[in-house]
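One structure is given here, and the rest of the page talks about it.
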Amino acid sequence: MDNFISDISGQQFPSEQRILGASIRQPIFKLIKKEYPGFSKDKYIAASELTRFKETYIAEFLKDESGQLSQLDQQVINSFKENKVISASLDGDNMEPVSVGDRVADKVAEFGGSWTFIISFVLFLIVWIAANIFWLNNKGFDPYPFILLNLILSCVAALQAPVIMMSQNRQEDKDRERARNDYMVNLKA
């Protein structure tokens, strides 16, 4: 296995970790130069050593910008230390288990916001009105002005609205987690 000696620490590292000084971003290069004045664009640093400087640069940058490090900022910095991927799967891996009520709310919201629901409900209304006016000569089980139909429509609306709101709240939580994840990925980039 081919190794190289870092111009920063003088230690030996695998050649896959070798990074030329010229390929390092300028702000991080300046940080390295501040600590190691002899480091130049034609010298080499190990990737693991560079990670420490990246971590320091990001911590200083975030502190300068906001005055303190938030918990999210600290997680990003820790991901540099541990050299781990920061993005997470948001399709349920790290989300809490979904209850039966949540699944029902999602299904009701999905169906209530579909063309199938709209068309079937319009057909139901047409059949209801036609049955009571034409077929039963306005002497049916719900004659005009359709008080029973109004009651049914009010009940459907009263039940459907909170269920849809529950589903929207769950979706909002997922969106918030995605935004948090995007922020952390952007910081690390």
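The values are calculated or read from the model by the stated rules, or taken from the named source; none is laboratory data. This structure is a prediction, so every number in the text was calculated from the model and none was measured. Cβ coordinates were reconstructed from backbone atoms using ideal geometry, including for glycine residues, and neighbour counts include every protein chain displayed.
Looking at 106, 102, 142, which one is at pLDDT below 90, surrounded by 14 or more Cβ atoms within 10 Å (Cβ to Cβ), outside any helix (DSSP H, G or I) and of a type outside the set (Ser, Thr, Tyr)?
Of 106, 102, 142, the one residue that is at pLDDT below 90, surrounded by 14 or more Cβ atoms within 10 Å (Cβ to Cβ), outside any helix (DSSP H, G or I) and of a type outside the set (Ser, Thr, Tyr) is 142.
Which residue, of 58, 45, 77, is surrounded by 15 or more Cβ atoms within 10 Å (Cβ to Cβ), touching a Phe, Trp or Tyr at 6+ places or on another chain (Cβ under 8 Å) and at pLDDT below 80?
So the residue among 58, 45, 77 that is surrounded by 15 or more Cβ atoms within 10 Å (Cβ to Cβ), touching a Phe, Trp or Tyr at 6+ places or on another chain (Cβ under 8 Å) and at pLDDT below 80 is 58.
Check 44, 36 and return the single one that is hydroxyl-bearing (Ser, Thr, Tyr), in contact (Cβ under 8 Å) with a residue 12 or more places away in the chain, touching a Gly at 6+ places or on another chain (Cβ under 8 Å) and more than 21 Å from residue 185 (Cα to Cα).
On the way: 36 fails: touching a Gly at 6+ places or on another chain (Cβ under 8 Å).
Answer to the selection: 44.
I need the full set of residues from segment 145-178 which are surrounded by 15 or more Cβ atoms within 10 Å (Cβ to Cβ) and outside any helix (DSSP H, G or I), in order please.
Matches in segment 145-178: 146 only.
Under 7 Å by Cβ, and 6 or more places apart or on different chains, what pairs join a residue from segment 58-78 that is within 18 Å of residue 31 (Cβ to Cβ) and assigned by TED's automatic domain parsing to the domain that holds residue 179 with one that is β-branched (Val, Ile, Thr) and modelled with pLDDT under 70?
none
Do we have residue 132 as touching an Asp or Glu at 6+ places or on another chain (Cβ under 7 Å) and surrounded by 12 or more Cβ atoms within 10 Å (Cβ to Cβ) here?
When the stated conditions are applied, residue 132 passes them.
Does segment 44-63 include one or more residues that are in a loop (DSSP other than H, G, I, E, B) and not hydroxyl-bearing (Ser, Thr, Tyr)?
So far as segment 44-63 goes, no, none of its residues is in a loop (DSSP other than H, G, I, E, B) and not hydroxyl-bearing (Ser, Thr, Tyr).
Identify, please: which residue in segment 1-33 is in a loop (DSSP other than H, G, I, E, B) and touching a residue at least 12 places away in the same chain (Cβ under 8 Å) and is, among those, surrounded by the fewest Cβ atoms within 10 Å (Cβ to Cβ)?
1
Within segment 123-139, track down each residue that is outside any helix (DSSP H, G or I) and modelled with pLDDT of 95 or more.
none
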